[in-house]
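Enquirer: My questions all concern the structure below.
The values are calculated or read from the model by the stated rules, or taken from the named source; none is laboratory data. These numbers come from a predicted model, not from an experiment. Positions of Cβ are generated from backbone atoms using ideal geometry, with glycine treated the same way; all protein chains shown enter the neighbour counts.
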Amino acid sequence: MGAAGVGVAVRDLGYRWGSTNGNTHINIHWATLQLAPSLVDYVIVHELAHLKGLNHTDRYWAEVARGMPDYERRRDELTTAGVKIWTCRG
């Protein structure tokens, strides 16, 4: 993904699986780590792609596909698996 030197933190992100500052750092929700490794990988690739664009444009999704050609399948799996994961949403 061409993202050398990116910092990563695990924290409570409310309703989000991950987030980024759009520059040099990504955050992963602690609940994400309860998912299957293939879905954790999807969340990481999703956030790394946001380092090149904060919107979900066609260009953004092309970047995700470059790093993970089967991202659509994993995104769908995350939607299904996500409802089964307990998260603190208070």
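Enquirer: Which of the residues that make up segment 17-33 are in contact with a His (Cβ under 7 Å, 6 or more places away or on another chain) and closer than 13 Å to Ile85 by Cβ? Reasoning before the result, please.
Expert: Going through segment 17-33, the residues in contact with a His (Cβ under 7 Å, 6 or more places away or on another chain) turn out to be 17-18, 20, 22.
Within segment 17-33, just Trp17 meets the criteria.
Enquirer: Report, by residue number, each residue of segment 41-57 that is of a type outside the set (S, T, N, Q) and free of Cβ contacts under 8 Å to residues at least 12 places away in the same chain. Talk me through it step by step, then tell me what you get.
Expert: The initial filter retains those residues of segment 41-57 that are of a type outside the set (S, T, N, Q), namely 41-54, 56.
Across segment 41-57, the qualifying residues are Lys52, Gly53, His56.
Enquirer: Those residues that are assigned to a helix (DSSP H, G or I), of a type in the set (A, V, I, L, M) and modelled with pLDDT under 95, I need them from segment 1-42; list them, please.
Expert: Of all residues in segment 1-42, those assigned to a helix (DSSP H, G or I) come to 30-34, 37-42.
Among the residues that remain, those that are also of a type in the set (A, V, I, L, M) are: 31, 33, 39-40.
Result: Ala31, Leu33.
Enquirer: Look at segment 17-42 and say how many of its residues are closer than 24 Å to Pro69 by Cβ, surrounded by fewer than 17 Cβ atoms within 10 Å (Cβ to Cβ) and either of a type in the set (Ser, Thr, Tyr) or under 9 Å from the mean Cα position of the chain (by Cα) (or both).
Expert: 2
Enquirer: Taking segment 43-90, which residues are part of a helix (DSSP H, G or I), among the β-branched types (Val, Ile, Thr) and surrounded by fewer than 16 Cβ atoms within 10 Å (Cβ to Cβ)? Walk me through it before giving the result.
Expert: Narrowing segment 43-90 to residues part of a helix (DSSP H, G or I): 43-50, 58-67, 71-82.
Retained after the next criterion (residues that are among the β-branched types (Val, Ile, Thr)): 43-45, 64, 79-80.
Listed by number, the residues that qualify are Thr79, Thr80.
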